[in-house]
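*Asks:* Could you have a look at this structure, given as structure tokens, before my questions?
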Amino acid sequence: MTLPKALAFDVFGTVVDWRTSIARESAGFLSKVGLETADPAAFADAWRAQYIAAMIGMKTSGRDFVPLDVLHREMLEATLRERGVDPAVCDEALLADWNRAWHRLDPWPDAVEGLTRLQARFPVVTLSNGNVALLLAMARRGGLPWDAILGAEVSGFYKPDKRAYLRTAELLAIEPCELCLVAAHHGDLAAARHAGLMTAYVDRPDEYGGAPAPDAHHEQAWEWSSGSLTDLADQLGC
């Protein structure tokens, strides 16, 4: 099989473990807003569950592009309201720090080694809906060796908009068919394939705490399929 000229990575769920990290962070905040008995993992799931609706809303509402940090804050406030907490009466500094929990996500155990090995042969870049400041903070904290931070904020479009994938290839001065998206999400990979990219699936069965992935119905026969980033590095000869 022809190898790609560059690898572009989804980040949330593929490279970093958002659920465990957000649950850990939320455990320290919930009691401060009167939710002492709330389950931090369930809160993390509820916060993240609004993500797909937020992406669809950005595409269909005609709203001007805003960074993911802004959407995460809106999603946090909505999750609090669902639990009877009015964000307007909460401490602003507390909410801002809580929202920055997304900047402090831990990599999966195989992520740094796998990326480092892959980077020895391919340029490795992000193709994430995360904004640049968020991804940069996460990379520095977790030691993620990106060659460039690309994606939604750079392209001006959120995945799964076709333009997010095509703009990334354009910025790398390669054809879409020469760029491979690496992701743990079948829906993301399906959209990338529709845009002409190559695809590599990384299985992350614990992303949703063992629950089924919401986009499993998009599964196809991807060019590569692996159980970890180190496994993918093996398959790509790195």
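The values are calculated or read from the model by the stated rules, or taken from the named source; none is laboratory data. These numbers come from a predicted model, not from an experiment. As a convention, Cβ positions derive from the backbone with ideal geometry for all residues, glycine included, and neighbour counts pool all protein chains shown. Please note that ligands, DNA and RNA were not included when accessible areas were found on the heavy atoms of the full protein model with its side chains. Shrake-Rupley method; radii C 1.70, N 1.55, O 1.52, S 1.80 Å.
*Asks:* Among 144, 214, 189, whose Cα lies farthest out toward the positive end of the dipole of region 115-238, if unit charges sit on the beta carbon of Lys, Arg (+1) and Asp, Glu (-1)?
*Replies:* 144
*Asks:* Report, by chain and number, residues whose modeled amide H sits under 5 Å from the one on residue 131, excluding near sequence neighbours (fewer than 5 apart, same chain).
*Replies:* Those lying under 5 Å, H to H, from residue 131 are 68, 69.
*Asks:* Additional query: Can you find, among 225, 119, 49, the residue sitting farthest towards the positive end of the charge dipole of the chain, where Lys and Arg contribute +1 and Asp and Glu -1 at Cβ?
*Replies:* Checking the options against the dipole of the chain, the answer is 119.
*Asks:* Over the chain, with every protein chain in place, what whole percent of the accessible area is carbon and sulfur at 1.4 Å, could you tell me?
*Replies:* 53
*Asks:* Calculate the dipole size of the chain relative to its Cα centre from +1 charges on Lys and Arg beta carbons and -1 charges on Asp and Glu beta carbons; express the result in debye to the nearest 20.
*Replies:* About 420 debye.
*Asks:* In the neighborhood of residue 236, defined by Cβ-to-Cβ distances under 11 Å, what is the net charge if each Lys or Arg adds +1 and each Asp or Glu adds -1?
*Replies:* Numbers: positive: 117, 121; negative: 223, 231, 234.
Net charge around residue 236: -1.
*Asks:* Can you give the alpha-carbon Rg of the chain over 2.2 N^0.38 Å, where N counts its residues?
*Replies:* 1.00
*Asks:* Okay, moving on. Quick one: accessible area per residue over the chain, 1.4 Å probe, rounded to a whole number of Å²?
*Replies:* That works out to 43 Å² per residue.
*Asks:* Let me ask something else about it. Please report, to two decimal places, log10 I(q)/I(0) for region 186-238 at q = 0.23, 0.26, 0.28 Å⁻¹ as given by the Debye formula with identical point scatterers on the Cα atoms and no solvent.
*Replies:* Each listed q maps to, in turn, -0.94, -1.07, -1.13.
*Asks:* With viscosity set to 1.567 mPa s at 4 °C, what whole-number translational diffusion coefficient in µm²/s follows for region 19-84 from Stokes-Einstein and a Kirkwood radius over Cα pairs?
*Replies:* 103
*Asks:* Quick one: putting +1 on the C-beta of Lys and Arg, -1 on the C-beta of Asp and Glu, what dipole do you get for region 27-76 around its Cα centre, in Debye to the nearest 20?
*Replies:* 160
*Asks:* Moving to a separate point now. Net charge near residue 132, counting Lys/Arg +1 and Asp/Glu -1 over other residues with Cβ under 12 Å of its Cβ?
*Replies:* Once all neighbours under 12 Å are counted, the net charge is -2.
*Asks:* What's the FRET efficiency of residue 59 with residue 208 using the Cβ-Cβ distance as r and R₀ = 22 Å, to the nearest 0.05?
*Replies:* Working: r = 23 Å, r/R0 = 1.06.
Computed FRET efficiency for residue 59 and residue 208: 0.40.
*Asks:* Only loop residues by DSSP count here, and only those with at most 16 other Cβ atoms within 10 Å; note down the chymotrypsin sites (Phe, Trp or Tyr not before Pro) in region 37-79 that meet that.
*Replies:* Here the sparse-neighbourhood loop sites are 65.
*Asks:* Could you tell me the distance between the Cα centroids of region 176-238 and region 1-78, to the nearest Å?
*Replies:* 19
*Asks:* Here is a further query. If you take every DSSP beta bridge whose two residues both sit in region 99-238, what share of them, in percent to the nearest 5, is antiparallel?
*Replies:* Among the beta bridges of region 99-238, antiparallel pairing accounts for roughly 0 percent.
*Asks:* Can you report the principal axis dimensions of region 150-226 using only the alpha carbons, biggest first, rounded to whole angstrom?
*Replies:* Extents along the principal axes: 38, 25, 17 Å.
*Asks:* Can you name the helices of the chain, as whole DSSP H runs, whose Cα span along the helix axis is 20 Å or more and whose Kyte-Doolittle mean is not below -0.5?
*Replies:* 68-82
*Asks:* Can you list the lysines whose alpha carbon sits under 26 Å from that of residue 5, skipping same-chain ones fewer than 8 residues off?
*Replies:* Straight-line reach from residue 5, under 26 Å: 159, 162.
*Asks:* Could you tell me whether region 155-198 comes out rounded, prolate or oblate from its Cα gyration tensor? Rule is a ≥ b ≥ c as square roots of the eigenvalues, rounded for a/c under 1.5, then prolate if a/b exceeds b/c, otherwise oblate.
*Replies:* Numbers: a/c = 1.96, a/b = 1.25, b/c = 1.57.
Judged from the Cα gyration tensor, region 155-198 comes out oblate (a/c at least 1.5, b/c at or above a/b).
*Asks:* Highest mean first, how do 180-190, 210-220, 71-81, 25-35 rank when packing is the count of other Cβ atoms within 10 Å averaged over residues?
*Replies:* Highest to lowest by the protection proxy: 180-190, 71-81, 25-35, 210-220.
*Asks:* Quick one: of the DSSP bridges fully inside the chain, what percent are antiparallel, nearest 5?
*Replies:* If we restrict to bridges inside the chain, about 10 percent are antiparallel.
*Asks:* Moving on. Once the Cα gyration tensor of region 1-46 is diagonalised, what are the square roots of 5 times its eigenvalues, in whole Å and ordered largest first, as equivalent ellipsoid semi-axes?
*Replies:* With the √(5λ) rule applied to region 1-46, the semi-axes are 36, 8, 6 Å.
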